[in-house]
1. Check segment A:270-285 and report whether any residue there is farther than 16 Å from residue A:307 by Cβ and assigned to a loop (DSSP other than H, G, I, E, B).
2. Being in contact with a helix residue (DSSP H, G or I) (Cβ under 8 Å, 6 or more places away or on another chain) and over 23 Å from residue A:371 (Cα atoms) narrows it down to one of A:428, A:459, so name that one.
3. Wholly within segment A:73-179, which strands (runs of 3 or more DSSP E) include no fewer than the required count, namely at least 2 residues that are away from RNA strand B (no atom under 12 Å from the Cβ)?
4. Could you list, in sequence order, all residues of segment A:232-255 that are over 27 Å from residue A:30 (Cβ atoms) and either touching a helix residue (DSSP H, G or I) at 6+ places or on another chain (Cβ under 8 Å) or away from RNA strand B (no atom under 14 Å from the Cβ) (or both)?
5. Residues to consider are A:118, A:103, A:143, A:147; find the one that is assigned by TED's automatic domain parsing to the domain that holds residue A:197 and within 30 Å of residue A:39 (Cβ to Cβ).
6. Being part of a helix (DSSP H, G or I) and more than 9 Å from RNA strand B (Cβ to nearest atom) is the filter here, so list the residues in segment A:197-220 that pass it.
7. Being surrounded by fewer than 19 Cβ atoms within 10 Å (Cβ to Cβ) and over 30 Å from residue A:342 (Cβ atoms) narrows it down to one of A:318, A:313, A:292, A:286, so name that one.
RNA sequence: GGCGCCAUAGUCUAUCGGUUAGGACGCGGCCCUUUCAAGGCUGAGAGACGGGUUCGACUCCCGUUGGCGCUACCA
């Protein structure tokens with residue numbers, strides 16, 4: 001039997017270092033066993049998935065050197081590798097589940113479900129589907145459908161008994177069925193949810209080993225039920241620990257840069273990042289922690305993955321990256337890396353065009369443009385506060401900026417400008433007053449190259465990080481504040 | 001709250017019942033050196049707690065505590 005593994009990211013945002021970690025593990029495992037590693041795009045969330053995100057994910061994983069043998073861009077014998085292109089397949093299997101009784105149609109409205117959960121929580125019961133549509137007769141189902149009520153398909157879960165999942169890393173794990181919810185498998189628009197699509201695809205793509213994030217552990221019983229209902233053998237399964245922030249919470253972009261491309265833009269080498277991530281699953285040989293992909297493939301061992309969620313320690317990454325920079329590159333190769341990192345001639349031209357109008361001596365160039373070649377920028381709260389906005393408006397502006405910029409489909413001048421205008425409107429200030437603190441946050445100075453151009457050149461990842469740091473300088477925003485201000489955004493969007 | 005996972009220094013880890021608990025990042029000191037890095041040497045620093053099992057527990061079992069995840073027509 002040939003080993004086949006996969007990484008299955010969802011194109012709903014920036015490629016996450018956690019995805020890189022999971023991909024690396026799957027890659028090493030497959031390659032070590034002479035198997036195949038595939039990439040599958042799980043874009044069954046129609047509202048959040050974007051083609052742009054998918055493209056960036058592919059780019060990021062390529063950059064890291066994790067080449068897949070089958071995938072949406074290169075095809076393969078088990079395609080298509082994009083779930084949105086496999087809808088007929090899921091529909092067919094959903095029908096099969098309906099026919100053999102492993103699943104049922106549910107006509108409950110979202111309002112009814114919300115009320116049900118609220119009631120359960122009020123009564124201190126765990127929220128779960130109550131089985132209302134379970135006993136529906138053929139006639140009732142037909143009547144509902146005739147009435148035009150779109151059904152969802154739910155997984156039928158036994159109300160008693162239990163199941164044991166064998167995790168490669170954790171051993172047998174016990175679940176009582178009465179703690180497993182009757183998940184939706186097919187949404188009312190006919191699209192599958194993760195659970196159905198994932199199981200169907202892993203089987204059809206002949207995946208032998210599923211190594212995924214720990215967040216999926218409690219879904220494993222549902223998947224077990226599906227494999228059984230189809231009469232398929234369940235792949236071997238392992239749940240990898242989640243990467244953490246310094247405070248041990250799940251790595252999140254509120255507290256850290258989490259995008260793979262942020263690290264590229266910051267000037268980390270892909271081999272260093274991959275090496276760093278590999279340290280969580282590959283034991284160093286004779287104390288030497290530096291190793292390339294080939295060495296990691298050779299020495300990889302599931303048994304060496306420690307289950308405590310590792311903190312993403314940027315300091316150690318810095319050290320490793322420094323070693324790659326000075327030990328693995330001769331001056332020529334180093335310069336070439338710098339060239340690629342800086343963006344090449346084209347970028348230099350664009351920067352020069354902006355700077356030319358603003359200098360009196362060529363030697364002014366360095367100080368004026370330095371922020372474009374820096375990672376973070378030194379700023380103080382006082383510099384941020386120098387304008388007309390009060391503290392709350394200031395923090396609000398940064399929270400809104402973070403949210404708006406994250407949501408932009410394309411990172412380009414007009415979209416950024418429109419975003420800033422929106423912020424000014426919501427905060428109730430003039431654009432010029434809102435823009436000033438952004439200058440400080442992004443360029444490190446109140447007068448600099450034009451803001452929007454600078455932001456385009458800097459890239460979304462670096463801008464986000466600088467805004468995040470600025471917000472932090474101002475004392476940050478509480479969860480409640482963030483939520484409240486984002487609501488303003490929704491209200492504004494609705495208006 | 002319910003269910004599940006996890007638990008060696010600040011951080012990443014080694015140890016698979018018997019070790020002075022090893023290494024790395026970070027931190028301190030010393031050396032090298034025109035400065036700073038880099039490099040070399042070196043120092044401080046760990047088995048969450050309580051019960052068992054055992055001749056002997058970091059290692060096995062139970063409990064406590066703590067952290068994390070899930071608890072959606074998101075993945």
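1. Within segment A:270-285, one or more residues are farther than 16 Å from residue A:307 by Cβ and assigned to a loop (DSSP other than H, G, I, E, B).
2. The unique qualifying residue is A:428.
3. Counting at least 2 such residues, we get A:103-106.
4. Hits for segment A:232-255 are A:253, A:254.
5. Matching residue, one of A:118, A:103, A:143, A:147: A:103.
6. Within segment A:197-220, A:199, A:200, A:201, A:202, A:203, A:204 meet the criteria.
7. Sole residue among the options that is surrounded by fewer than 19 Cβ atoms within 10 Å (Cβ to Cβ) and over 30 Å from residue A:342 (Cβ atoms): A:286.
Results for (1) touching a strand residue (DSSP E or B) at 6+ places or on another chain (Cβ under 6 Å); (2) buried (at least 18 other Cβ atoms within 10 Å of the Cβ); (3) outside the structural domain of residue A:255 (by TED's automatic domain parsing); (4) more than 20 Å from residue A:254 (Cβ to Cβ), shown as yes or no for each residue.
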position: A:414; (1), (2), (3), (4): no, no, yes, yes
position: A:423; (1), (2), (3), (4): no, yes, yes, no
position: A:430; (1), (2), (3), (4): no, no, yes, yes
position: A:441; (1), (2), (3), (4): no, yes, yes, no
position: A:449; (1), (2), (3), (4): no, yes, yes, yes
position: A:460; (1), (2), (3), (4): no, yes, yes, no
position: A:488; (1), (2), (3), (4): no, no, yes, no
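The values are calculated or read from the model by the stated rules, or taken from the named source; none is laboratory data. Here the structure is a predicted model, which means the values were calculated and not measured. Note that each Cβ is placed from the backbone with ideal geometry, even for glycine, and that neighbours are counted across all protein chains shown.
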